[in-house]
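Presented below is the structure to which this report refers.
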Amino acid sequence: MGVSPTPSILCASLAFYYCVSLLLASVEIVRAQNGTTPASEVSALNSVFSQWGISAKLNQWNISGEPCSGAAIDSTSIENTNGNYNPGIKCECNGTVCHITHL
């Protein structure tokens, strides 16, 4: 005859899988809340910066992937920052789509 697992081991296993499931679900919720920037806006932004001969610093925001992330969507002001966010953008997100609203 085989040995059956004790109830405490079963409870611990269920609790572990429940916690992992909650963690994975919360990551998906956060990702969905941010939204994505339309490809046409990203292309236009890259075009403008290329024409102007400027580029963003790597630690400011992600110009190559999702520009509406980090400082572009948090409470950081891009004005009066002594050039720390120059160039800089701000975005407004509705949970599905993010639009670049300030440059």
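The values are calculated or read from the model by the stated rules, or taken from the named source; none is laboratory data. Here the structure is a predicted model, which is why all the values come from computation and not from measurement. Glycine also receives a Cβ, built like all others from the backbone with ideal geometry; neighbour counts cover every protein chain displayed.
Selection of first residues in segment 78-103 that are closer than 14 Å to Ala44 by Cα and of second residues that are of a type in the set (Ser, Thr, Tyr) and at pLDDT 85 or above, restricted to Cβ pairs under 9 Å at least 6 apart or on distinct chains, gives the following pairs, ordered by first then second residue: Ile89/Thr101; His99/Thr37; Ile100/Thr37. When restricted to residues that are crowded, with 16+ Cβ neighbours inside 10 Å, small (Gly, Ala, Ser) and modelled with pLDDT of 85 or more, segment 47-83 contains 0. Every listed requirement among (1) at pLDDT 65 or above; (2) surrounded by 10 or more Cβ atoms within 10 Å (Cβ to Cβ) is met by Asn94 save one, (2). The set of residues in segment 9-46 that are at pLDDT 70 or above and either in contact with a Lys or Arg (Cβ under 9 Å, 6 or more places away or on another chain) or closer than 19 Å to Ser69 by Cα (or both) comprises Gly35, Thr36, Thr37, Pro38, Ala39, Ser40, Glu41, Val42, Ser43, Ala44, Leu45, Asn46. Selection over segment 65-79 of residues that are under 14 Å from Cys93 (Cβ atoms), part of a loop (DSSP other than H, G, I, E, B) and not hydroxyl-bearing (Ser, Thr, Tyr) gives a count of 5.
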